[in-house]
1. Just to check I understand the Karplus step: with θ = phi - 60° and J = 6.51 cos²θ - 1.76 cosθ + 1.60, what whole-Hz values come out for the range 105-117, glycine and proline as x?
2. Starting from 0.36 nm per residue, how many nanometres of slack lie between residue 122 and residue 67 once their C-alpha separation is accounted for?
3. With a 1.4 Å probe and all protein chains in place, put 189, 111 in order of accessible area, largest first.
4. Check which residues have an amide H placed less than 5 Å from residue 146's amide H, if you skip close sequence neighbours.
5. Along the charge dipole of the range 41-154, Cβ charges K/R +1 and D/E -1, which of 138, 59, 76 sits furthest on the positive end?
6. Normalising by the residue count of the range 5-221, find the relative contact order in percent from Cα pairs under 8 Å and 6+ residues apart.
7. Residue by residue, what Karplus-based ³J(HN,Hα) values in Hz, rounded to whole numbers, does the range 179-191 have, using 6.51, -1.76 and 1.60 with θ = phi - 60° and x for Gly and Pro?
8. Carbon and sulfur atoms: what percent of the 1.4 Å accessible area of the range 5-221 do they account for?
Amino acid sequence: MTETIVVAVDGPAGSGKSSVSKAAARRLGWAYLDTGAAYRALSWYVVERQVDPTDAAAVIDALPDFDYRIGTDPATSHVYVGDTDVTEAIRTPEVTAVVSAIARVPEVRAFLTGLFRGIIRKTDRDGIVVEGRDITTVVCPDAPVRILLTADEAVRMARRSAELAGHSAAHVGEALRRRDEADARVVDFMNAADGVTTVDSTDLDFDQTVDAVIQVVQKAAHV
Ligand code: CDP
Ligand code: CDP
């Protein structure tokens with residue numbers, strides 16, 4: 001059996017990681033894994049169980065009962081905690097506000113990293129595009145294709161504000177900046193690690209960014 005080709009994609013919020021990785025996976029006919037969805041689902045679960053998200057010991061206590069499932073088909077990626085479909089619920093500002101506190105707990109990162117590696121191992125397609133913050137450096141440092149997707153801060157904020165119509169652009173921008181700052185204290189996703197190819201999407205539209213990612217994949221993995 002030939003080994004699944006892993007494409008690791010990291011980058012800050014609003015760089016286009018999720019949407020571009022998903023589109024690239026669809027074009028390649030490969031699987032897709034959004035690792036941020038797991039950090040968000042655990043945050044949703046912690047809030048639901050009325051656990052204080054800043055109490056690391058209590059968050060760690062909740063891990064064994066965290067029953068998480070995500071599909072890897074880029075056409076339909078639903079997220080479940082137990083029997084509850086949390087696909088929409090994990091995107092609310094309430095969940096987004098607590099996710100950095102959950103993500104900085106080392107035991108949480110180790111637990112979810114193990115979960116991601118298990119999902120990647122079970123992939124039955126030729127390849128899988130995995131995106132997050134520490135995929136190129138921690139989860140899959142040996143992946144044959146490793147990409148840092150970036151874009152200038154103002155452009156990233158404009159993209160996020162456009163998605164969240166009804167929320168003030170200044171508020172969205174400030175929340176995003178604070179989250180990136182908190183996350184970057186835990187893992188470095190602003191600078192490309194050795195061997196990681198940077199794709200800067202500042203001046204690229206969506207399709208051009210997908211093309212750029214596919215070109216890196218074709219060159220590095222010879223597909
Ligand atoms: O899509 P967006 O950039 O807003 O964030 P996300 O990918 O859904 O990730 C949500 C949060 O999960 C991030 O703000 C990080 O705190 C955390 N995360 C992480 O620590 N490591 C990852 N590999 C993925 C996400
Ligand atoms: O996952 P991440 O937070 O990095 O970003 P995303 O949620 O995939 O992308 C944020 C928004 O930017 C989406 O609405 C994308 O369609 C858009 N985008 C864009 O307009 N131009 C690009 N070159 C890349 C993404």
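The values are calculated or read from the model by the stated rules, or taken from the named source; none is laboratory data. Just so it is clear, the structure is predicted and the values come from calculations on it, not from any experiment. Neighbour counts are summed over all protein chains in view; Cβ atoms, including those assigned to glycine, are modelled from backbone coordinates with ideal geometry. Ligands, DNA and RNA are stripped out before the accessible areas are found, and what is left, the full protein with its side chains, is counted by its heavy atoms. Shrake-Rupley method; radii C 1.70, N 1.55, O 1.52, S 1.80 Å.
1. For the range 105-117, the Karplus curve yields 7, x, 5, 5, 5, 5, 4, 5, 4, x, 4, 5, 5 Hz.
2. Contour length minus the Cα-Cα distance gives 18.1 nm.
3. 111, 189
4. Answer set, sorted by chain and number: 8, 197.
5. Going by the Cα projections, it comes out as 138.
6. 34
7. Listing the rounded values in order: 5, 4, 4, 5, 5, 5, 6, 9, 9, 8, 10, 9, 10 Hz.
8. 49
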